Amino acid sequence: MGTQGLDFAEFYYRSRDNCFRAVLVSVGDQDAAQELVAEAFARACASWRTVSKHPAPAAWVVRTALNINVSRWRRRRREVLVAEPGAIADPAAAGGTADSVFDPRIKAALMRLPARQRQVIALRLLLDLDTRRTADALGITPNTVMAHMAQALAALRHDLMPERQQESPS
């Protein structure tokens, strides 16, 4: 095996868990996240010469996994709309179990966030990307990343620490 294969293997072993967690937060289904991340890593391996030069290869994998998910959702939606008029395909309805990865209360609070806020949380906190790299990975501006992050954290604080809402300053 050449050094290029070893480099990818090292990258895979170092980043697979964080990439999985980031995608899991975004899609909410453990099985779907595993499948999406596996396919994204396969694509990364096939294009490793290019991906290895990306400033944040793990972000590339996560973004690719999320793009695959959107493509699949659109395809299923078209198939359902053609096959059964009136049926609505809901990508969030799959709802797998991720209790082994996240505390159920945290997972529930994350899943109540809008998709873009979940994606920002996943990239910023789980992959530890800075604001600029998160913005680049999601195709949005850094200011939008910061706004989504602030809104997501406020919502999570409200959901996970309701006792703070009831305390009154002395």
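Inside region 119-161, residues that are in contact (Cβ under 8 Å) with a residue 40 or more places away in the chain and part of a helix (DSSP H, G or I) make up a count of 14.
Would you say residue 105 is basic (Lys, Arg), part of a helix (DSSP H, G or I) and surrounded by 15 or more Cβ atoms within 10 Å (Cβ to Cβ)? Judged against the criteria, residue 105 is not a match. Filtered by the rule that a residue be more than 17 Å from the chain's Cα centre (by Cα), under 30 Å from residue 110 (Cβ atoms) and among the aromatic types (Phe, Trp, Tyr), region 13-54 gives a lone residue, 13.
When residue 71 is tested against (1) buried (at least 17 other Cβ atoms within 10 Å of the Cβ); (2) hydroxyl-bearing (Ser, Thr, Tyr); (3) at pLDDT below 90, just one condition goes unmet, and that condition is (1).
The values are calculated or read from the model by the stated rules, or taken from the named source; none is laboratory data. Remember, predicted model here, so these are calculated numbers, not experimental data. With ideal geometry, Cβ positions are generated from the backbone for all residues, glycine too; neighbour counts draw on all protein chains shown.
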